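Peer 1: Have a look at this one.
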Amino acid sequence: MSRVWNFSAGPAVLPEEVLRQAADEMLDWHGSGMGVMEMSHRGKEFTAIAAQAEADLRELLAVPAGYRVLFMQGGAIAENAIIPMNLMGDRRVADYVVTGSWSQKSQKEARKYAEVNIAASSEAGGFTTVPAMADWRLSADPAYVFTCTNETIGGLEYPFEPDLAQIGRGEVPVVADMSSHILSRVIDVSKYGLIFGGAQKNIGPAGLTIVIVREDLLGRAMPHCPTAFDFKTVADNGSMYNTPPTYGIYIAGLVFQWLKRQGGVAAIEAQNVAKAKLLYDFLDASDFYENRIDPACRSRMNVPFFLKDEALNDAFLVESKAAGLVQLKGHKSVGGMRASIYNAMPLAGVQALVDFLRDFAARRG
Ligand code: PMP
């Protein structure tokens, strides 16, 4: 068996240890005589798996009391509707900060359920920066302020936590789409009203959506909100109002345990800083490649880059694949290349990429 260096933006590489453990347990989980996919979600085995996954996630992110962790389905795109349906309450307006494709999509979807105020946008500059909080123009009484703290397609990451208390609006809940950088860096959960993300980057298989929501935001759903997507119903039923994505929760739990063995989020953050520095430093020093994002706002997880001679793109993709480096093609809306270097991508993988980049430039430059 040979494994490639997989730079996919998601579904993405998972820790090999986790995949091996899942393989070992596939037919018989802990002597139960059943695989996890075959278990009742209400049985004692799976209930224990879900409870441990939640406890480990809470520990890793230091989730304070007063927040509920929900295991849902539908992915982050479904949350774009589920969130306004749950959080608008009796308010009219929701504020959005637009920093790239994903927050753009979010604000468009929200217009079905709310009046949307664009509090800030970096669109005019081609989404290469995150607008400073001092420049956010919040409406008078928004239900929440929506942010996407890591734009997977653009490769843009907030270099600060959107703590509205700093602009005197601490009463407004912050919602954050953290799909592509959750668990990659230390965050202060207490600064947010709601954090969500699809699992398929840093957590596990597609199909599982994580929601961490402050309890006072529960119980405001619009009457037509589907019951299975009413956060209060999901919370009151321990994420088992409907059948949750059981196998996804199990793999997520194995990833959380792997992360704890790595030393937790602060330890993985240090590795992520080192990995991103290795790649960006190489790109910056090269006159063959470039990254176009404001250096202060560059994503540690998703690194888009361009060959200055775009005529070489096809050769680059063919040769990188032959060298065992896959999924480097940039998103179609951006072009160029993109290397996603999530938690499970080791430094050795980024080093292999940099070695290839150097070699390709030397041969083709
Ligand atoms: N938000 C962000 C930041 C993402 O990266 C993605 C997926 N790439 C989505 C939303 C959409 O996720 P899904 O397709 O799982 O709904």
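The values are calculated or read from the model by the stated rules, or taken from the named source; none is laboratory data. If you're wondering where the values come from, they're calculated on a predicted model, not measured in any experiment. Because the Cβ atoms are built from the backbone with ideal geometry, glycine has one as well, and the counts that use them run over all protein chains shown.
Peer 1: Of all the residues that make up segment 171-215, how many are in contact (Cβ under 8 Å) with a residue 12 or more places away in the chain, among the charged types (D, E, K, R) and away from the ligand (no atom under 16 Å from the Cβ)? Break it down stepwise before answering.
Peer 2: Residues of segment 171-215 that are in contact (Cβ under 8 Å) with a residue 12 or more places away in the chain, as a first pass: 172-215.
Next, only the ones that are among the charged types (D, E, K, R) stay: 177, 185, 188, 191, 201, 214-215.
Now restrict to residues that are away from the ligand (no atom under 16 Å from the Cβ): 188, 191, 214-215.
So the answer is 4.
Peer 1: Among the candidates VAL69, VAL13, which residue alone is within 20 Å of the chain's Cα centre (by Cα) and within 28 Å of LYS321 (Cβ to Cβ)? Quick ask: steps written out before the conclusion?
Peer 2: Working: VAL69 fails: within 28 Å of LYS321 (Cβ to Cβ).
Testing whether each residue is within 20 Å of the chain's Cα centre (by Cα) and within 28 Å of LYS321 (Cβ to Cβ) leaves just VAL13.
A quick yes/no check of all residues on (1) under 19 Å from the mean Cα position of the chain (by Cα); (2) surrounded by 20 or more Cβ atoms within 10 Å (Cβ to Cβ); (3) not charged (D, E, K, R):
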{"position": "LYS277", "(1), (2), (3)": "no, no, no"}
{"position": "ARG292", "(1), (2), (3)": "no, no, no"}
{"position": "CYS297", "(1), (2), (3)": "yes, yes, yes"}
{"position": "ALA311", "(1), (2), (3)": "no, no, yes"}
{"position": "LEU328", "(1), (2), (3)": "yes, yes, yes"}
{"position": "HIS331", "(1), (2), (3)": "yes, no, yes"}
{"position": "SER340", "(1), (2), (3)": "yes, yes, yes"}
{"position": "VAL350", "(1), (2), (3)": "no, yes, yes"}
{"position": "PHE360", "(1), (2), (3)": "no, no, yes"}
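Peer 1: Any idea which of (1) of a type in the set (Gly, Ala, Ser); (2) without any contact (Cβ under 8 Å) to a residue 24 or more places away in the chain; (3) in contact with a Pro (Cβ under 8 Å, 6 or more places away or on another chain) is the one ALA50 doesn't satisfy?
Peer 2: Here ALA50 clears every test but (2).
Peer 1: Looking only at segment 213-241, count every residue that is part of a helix (DSSP H, G or I) and of a type in the set (Ser, Thr, Tyr) and tell me the total. Explain how you work it out, then say what you get.
Peer 2: Step one: list which residues in segment 213-241 are part of a helix (DSSP H, G or I), which gives 215-217, 227-229, 231-236.
With of a type in the set (Ser, Thr, Tyr) added as a condition, the list becomes 227, 233.
Of the residues in segment 213-241, 2 are part of a helix (DSSP H, G or I) and of a type in the set (Ser, Thr, Tyr).
Peer 1: Right, another one. Here is a list: PHE46, PHE71. Which entry is within 16 Å of the ligand (Cβ to nearest atom), crowded, with 17+ Cβ neighbours inside 10 Å and not β-branched (Val, Ile, Thr)?
Peer 2: PHE71
Peer 1: For segment 294-326, what are the residues that are touching a residue at least 60 places away in the same chain (Cβ under 8 Å) and closer than 30 Å to PRO162 by Cα?
Peer 2: ASP294, ALA296, CYS297, ARG298, SER299, ARG300, MET301, ASN302, VAL303, PRO304
Peer 1: Next question, about the same structure. Could you pull out the residue among MET1, MET26, MET34 that is in contact with a Gly (Cβ under 6 Å, 6 or more places away or on another chain) and part of a loop (DSSP other than H, G, I, E, B)? If you could, list the steps in order and put the result at the bottom.
Peer 2: Values: MET1 fails: in contact with a Gly (Cβ under 6 Å, 6 or more places away or on another chain); MET34 fails: in contact with a Gly (Cβ under 6 Å, 6 or more places away or on another chain).
Going through MET1, MET26, MET34 in turn, just one is in contact with a Gly (Cβ under 6 Å, 6 or more places away or on another chain) and part of a loop (DSSP other than H, G, I, E, B): MET26.
Peer 1: Continuing with this model, one more query. Here are THR233, THR227: which of them is in contact with a Ser or Thr (Cβ under 7 Å, 6 or more places away or on another chain), at pLDDT 95 or above and surrounded by fewer than 17 Cβ atoms within 10 Å (Cβ to Cβ)? Walk me through how you get there before you give the answer.
Peer 2: Values: THR233 fails: surrounded by fewer than 17 Cβ atoms within 10 Å (Cβ to Cβ).
Among THR233, THR227, only THR227 is in contact with a Ser or Thr (Cβ under 7 Å, 6 or more places away or on another chain), at pLDDT 95 or above and surrounded by fewer than 17 Cβ atoms within 10 Å (Cβ to Cβ).
Peer 1: Given (1) free of Cβ contacts under 8 Å to residues at least 40 places away in the same chain; (2) surrounded by fewer than 17 Cβ atoms within 10 Å (Cβ to Cβ); (3) within 26 Å of ALA266 (Cα to Cα), identify the lone condition not met by ARG58.
Peer 2: (2)
Peer 1: Please enumerate the residues belonging to segment 196-247 that are small (Gly, Ala, Ser) and over 12 Å from ASN86 (Cα atoms). Please lay out each step first, then the result.
Peer 2: First, the residues of segment 196-247 that are small (Gly, Ala, Ser): 197-199, 204, 206-207, 219, 221, 228, 235, 238-239.
Result: GLY197, GLY198, ALA199, GLY204, ALA206, GLY207, ALA235, GLY238, SER239.
Peer 1: Given the structure, is THR149 within 15 Å of the ligand (Cβ to nearest atom), under 22 Å from ARG300 (Cβ atoms) and of a type in the set (Ser, Thr, Tyr)? First the steps, then the outcome.
Peer 2: Working: within 15 Å of the ligand (Cβ to nearest atom): yes; under 22 Å from ARG300 (Cβ atoms): yes; of a type in the set (Ser, Thr, Tyr): yes.
In short, yes.
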